[in-house]
Every structure is written in structure tokens, then in C-alpha cells.
Amino acid sequence: MAKAFPTQEIGSLPKFSWRTKPLRGTTLYDEDIAIAKEWGERLEVPGRTDLYKILSKRADFSEKEKKAIVDFALLYAIRMGETAGAKLAKNEGLDLVWSGEQARTEMYETPVSSMKGFEFIGKVRSFDNKYWKMASIRDAPTYKENYHIDELSFTKKHAKRKIKVPVTDAITIMSWSDNHYYTAKWAKEKASPLKRSFNARREFTLDLAKIIRKVIRELIEREGVEEVQIDIPAATQFQSVDDIKLVAESFNETTKGLSATFSVHSCFPPKLGYAILFPHLLDMKKCERYSFEYGNRDTFKRGVDPESRIGFADLKLFKEYGYNKGLGVGVIHIHTDVLPTVSVVRDRVLYSAKVTDLDPASLYINPDCGLRTRSPEVAQKMLDLVVAGAEKARGGLGGN
């Protein structure tokens with residue numbers, strides 16, 4: 001029988017100071033090296049003494065040394081996923097892992113930097129005092145290089161668990177960019193301002209989707225990747241019906257003609273809920289699993305009833321629309337260090353199974369979103385709770 005409530009992380013993990021400082025040209029201190037050693041021993045990272053030797057230099061790292069530091073950051077992230085739950089569960093480790101996006105600058109900047117037609121124009125605050133560089137599209141975007149090949153190749157070589165590759169989607173790149181080129185192009189058309197604005201967004205999005213499709217095709221053909229997670233945090237940034245339909249159209253354009261398992265992750269739209277995406281979300285033809293956020297608005301009470309699990313109310317949408325594929329359920333709020341107990345996570349898992357009526361083997365358990373905004377200590381505890389809570393829920397199947 002397939003495993004009930006398999007576990008996964010959504011994509012990003014925090015970057016240690018010893019990973020970020022060398023690439024910024026900042027000197028390492030004793031504390032940075034001590035952190036590398038503490039976590040290296042805790043996670044039993046292979047070859048870790050080589051990292052310690054490199055870091056002991058403290059500054060003026062060569063490009064080769066910087067590359068080695070990033071590679072070790074990938075190893076640390078892989079081990080965080082593969083050892084998750086070690087102190088709380090009988091069987092440690094996530095079932096589906098990634099290397100924490102340690103090789104990427106940021107989920108927007110990295111893909112945009114690997115396409116022609118963009119010009120960076122300044123920094124923008126996202127959340128939790130995290131910033132990203134915004135770009136303006138000045139010409140039709142074109143493919144420049146594959147920005148995931150190296151990290152995928154490295155992760156495949158070193159991961160012991162099944163892996164997936166998180167890829168930023170076209171909707172998000174479009175939404176987070178200044179749409180100079182396409183807005184100017186469509187300004188000449190005879191249509192209402194709203195229609196011209198949407199047409200500009202749509203053309204920009206579909207042009208990006210073709211580039212991302214090429215990136216994914218290379219991951220499949222050159223590295224044999226089996227699962228790709230399409231990240232769409234901006235799925236509800238524009239809230240017209242046409243824009244919601246465009247989310248599905250963009251996904252279909254991106255995955256057209258490709259053979260892999262595709263999943264989708266999208267952040268929770270405050271006040272609106274995921275209902276705004278239905279039913280058009282289900283028009284994503286090749287999507288085998290949606291991974292959504294629910295823990296961020298739930299109570300910390302025990303129970304598998306609607307009052308205790310108010311954050312999971314939107315789950316009923318999947319049953320109402322007859323959805324019967326996979327579903328990733330976010331059970332940990334990732335923008336706070338306040339953590340639920342293992343028993344509360346267990347109840348969140350069991351309630352999700354109860355409300356959706358999905359096969360427990362199709363119900364993946366994960367944090368709400370990526371963990372890059374948390375400290376490594378808190379991020380590890382969150383992954384521990386995912387693994388331990390899912391394990392405890394398996395024991396509760398068929399009862400309370």
C-alpha cells in the first residue's frame with residue numbers, strides 16, 4: 001500500500017550566514033564558523049571538514065571557494081529535509097525533498113537574470129523584512145540560460161530521497177515586474193484601458209511561459225527530472241475572472257508537451273480565500289497536486305471539528321468540485337516562530353483527510369510555504385513537526 005500522508009517541503013530554506021557573507025564580500029566571524037560546525041555535526045553532512053577549512057579563511061574567497069560554499073549549503077539543506085523529525089518521530093525524513101533554493105539569489109531575481117529583455121530598476125520589500133530586486137521588461141523576453149540545471153544535477157547526486165524542482169511561474173514574474181514593453185505596445189490598440197492592461201499582461205505572461213517551458217524541458221531531457229513544482233505566489237494579485245483564467249492558461253502553456261509530474265503551490269490570498277481561484281484553477285490540465293496554505297489562520301486548539309480547524313475551511317472546495325487528485329496541505333504557519341504541538345498538527349492532518357475525503361496517500365503534508373524567512377533552528381523545528389505530525393496522523397486513521 002502507498003504511504004498515507006507523505007511529507008514535503010515547499011521549496012526554500014533559510015540561508016546560513018556562512019553561505020551569504022562570502023558572496024556579499026563580508027568577513028566571517030567566529031560565530032559564523034561555529035554555526036557551520038554545529039549544524040554540520042548535527043546533520044552529519046558528508047565532507048563537512050572541507051567546508052570548515054574553506055571558511056577558516058574568513059574573507060577574500062576565490063570564485064572556486066564560493067562555489068564550494070554554495071554546494072555545501074545545498075548539502076546542509078538536503079540533510080535538513082532528510083533528517084526532519086529525528087527527535088520527534090520514529091521514522092525521520094521528508095518523503096519529497098529539495099536543496100532549499102540555496103543556489104538561487106531569490107525566486108524572482110534568479111529566473112529574470114537568466115532571460116534577456118529585463119532591466120533591474122530597484123529593490124522592493126516583500127515580507128518579513130525580505131527584499132527583492134524588481135525588473136522592468138524593456139523588450140520581448142528571450143531565453144538566455146538554464147538557471148536550474150546545476151542545482152538539479154548536484155541535488156540528484158546527493159539526495160537519498162525523491163526530489164522535486166521548484167520553478168517560478170510566468171504569472172509571478174509578470175506580476176512582480178514593471179510591464180513597460182507590453183503596456184506601451186498595447187496602448188496603441190482600440191480597447192478600454194482595463195482590456196488593454198489585461199492584454200498586455202496576458203501577452204507578457206504567455207511569452208514568459210514559453211521560456212519556462214524550455215527550461216523545464218531541458219531539466220527533463222538532460223537530467224531526467226520526474227517532478228516539477230510550479231510556484232505561483234502571485235496567482236491572485238490580479239483578481240478579475242480573466243486574470244484567474246490566465247493563471248490556468250499560463251500553466252497549460254508552460255507544461256504543454258512535457259512529460260513529468262507537475263504540482264502547483266500558491267500563497268493564501270488574504271480576505272478572499274482560495275475560492276477566488278475556483279473553478280478555473282481546475283483547468284490546469286497536467287496539475288497532479290495543489291499545495292496550499294492553511295496553517296496560517298488556524299487555531300492552536302486540539303480537535304478535528306470545524307471550530308477547532310477554522311483555518312482549513314477552504315478545503316471543502318476540493319470536495320465540492322469533485323477533485324480527486326493530489327493535495328498538499330500546509331499545516332505550519334511560516335511567518336511566525338510560534339509553533340503548534342505535534343498533536344495539533346496531527347489533528348490538522350486528520351481534519352484535512354476528513355473534509356476532502358481524498359485518499360490519504362494523495363494528501364501531502366507540508367509547511368504553508370517556503371521557510372527562507374525563518375532561522376535555521378525554527379525552520380528545522382517546523383520540518384520536524386511536519387514529519388512527526390503526519391506520522392501521528394497515520395496512527396489515527398480510522399479513529400480520533
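Just so it is clear, none of the values below were taken in a lab; they were calculated from the coordinates. Values in this document were obtained by computation on a predicted structure and should not be read as measured data. With ideal geometry, Cβ positions are generated from the backbone for all residues, glycine too; neighbour counts draw on all protein chains shown.
Residues with amide H under 5 Å of Ile121's amide H, sequence separation 5 or more or different chain, H placed in the peptide plane at 1.01 Å from N; which?
So Ile121 has HN proximity to Met134, Ala135, Ser136.
Could you check which residue among Glu227, Glu320, Glu307 shows the biggest mean-square fluctuation in a GNM of the chain with a 10 Å Cα cutoff?
The residue that fluctuates most here is Glu320.
Of the beta bridges DSSP finds with both residues in the chain, what % are antiparallel, to the nearest 5?
On the way: 9 of 36 bridges.
The answer is about 25 percent antiparallel.
Starting from the Cα of Ala184, step 7 Å along the direction of its Cβ; do the same at Leu397; then give the gap between the two resulting points in nm.
In this crude label model, Ala184 to Leu397 measures out at 5.8 nm.
In terms of modelled amide H atoms, which long-range or inter-chain residues lie less than 5 Å from the amide H of Val97?
Lys162, Ile163, Lys164
Calculate the all-directions average of the projected area of the stretch 17-395's alpha-carbon convex hull, and give it in nm².
19.1 nm²
With the cut-off at 24 Å, tell me which of the pairs Lys21/Lys64; Lys285/Lys354; Lys162/Lys301; Lys90/Lys157 have Cα atoms farther apart than that.
In this structure, Lys285/Lys354; Lys162/Lys301; Lys90/Lys157 lie more than 24 Å apart at Cα.
So what are the ³J(HN,Hα) numbers for the stretch 188-205, from phi and the Karplus equation (6.51, -1.76, 1.60; θ = phi - 60°), rounded to whole Hz, Gly and Pro as x?
7, 7, 8, 6, 5, x, 5, 5, 4, 4, 5, 4, 5, 5, 5, 5, 4, 4
Take Glu63 and Ser375, extend 7 Å from each Cα along the Cα→Cβ direction, and tell me the distance between the two endpoints in nm.
The answer from the label model is 3.7 nm.
Of the candidates Arg42, Arg201, Arg19, which one comes out as most mobile in a Gaussian network treatment of the chain with C-alpha springs shorter than 10 Å?
Largest GNM mean-square fluctuation: Arg42.
Using the Karplus equation 6.51 cos²θ - 1.76 cosθ + 1.60 (θ = phi - 60°), what ³J(HN,Hα) coupling, rounded to whole Hz, does each residue of the stretch 345-350 give in order, writing x for Gly and Pro?
4, 4, 5, 5, 5, 5
Starting from the Cα of Arg24, move 7 Å in the Cα-to-Cβ direction to define the label point; list residues of the stretch 98-128 whose amide nitrogen is under 15 Å from there.
From the stretch 98-128, the list is 105-106.
Given the Cα-Cα distance of Ile220 and Arg161 and 0.36 nm per residue of separation, how much length would full extension add, in nm?
Full-extension gain reported as 19.4 nm.
Between Gln239 and Lys90, take the C-beta separation as r, use R0 = 45 Å, and let me know the FRET efficiency to the nearest 0.05.
That gives a FRET efficiency of 0.50.
Applying the Karplus parametrisation 6.51 cos²θ - 1.76 cosθ + 1.60 with θ = phi - 60° to the phi angles of the stretch 21-38, what ³J(HN,Hα) value in whole Hz is obtained for each residue in order, glycine and proline being reported as x?
3J(HN,Hα) across the stretch 21-38, in whole Hz: 4, x, 6, 8, x, 9, 5, 7, 10, 3, 4, 4, 5, 4, 5, 4, 5, 4.
Can you tell which of Gly330, Gly40, Gly85 shows the greatest fluctuation in a Gaussian network model of the chain with Cα springs below 10 Å?
It is Gly40.
How much length is gained if the chain between Ser56 and Lys316 is pulled fully straight, taking 0.36 nm per residue apart and subtracting their Cα-Cα distance, in nm to one decimal?
Roughly 88.2 nm would be gained on extension.
Normalise the Cα radius of gyration of the stretch 272-311 by 2.2 N^0.38 Å (N = residues in it) and let me know the number. Can you show the working numbers first?
Numbers: Rg = 13.4 Å, N = 40, 2.2 N^0.38 = 8.9 Å.
That ratio works out to 1.49.
For a quick check: with amide H placed at 1.01 Å from N, whose amide H comes under 5 Å from Thr299's, ignoring anything fewer than 5 positions away on the same chain?
Those qualifying (amide H under 5 Å, at least 5 residues apart or on another chain) are Ile310, Gly311.
If you find the alpha carbon centre of the stretch 334-390 and of the stretch 88-166, how far apart are they in angstrom?
Value for the Cα centre distance between the two parts: 23 Å.
Using a cut-off of under 11 Å, list every residue of the stretch 1-30 whose amide N is near the label point 7 Å from the Cα of Lys123 along the Cα-to-beta-carbon line.
Under cut-off, by backbone N: nothing.
Got a sec? How would Glu226, Glu391 order by Cβ neighbour count within 10 Å, fewest to most?
Going from sparsest to densest Cβ surroundings: Glu226, Glu391.
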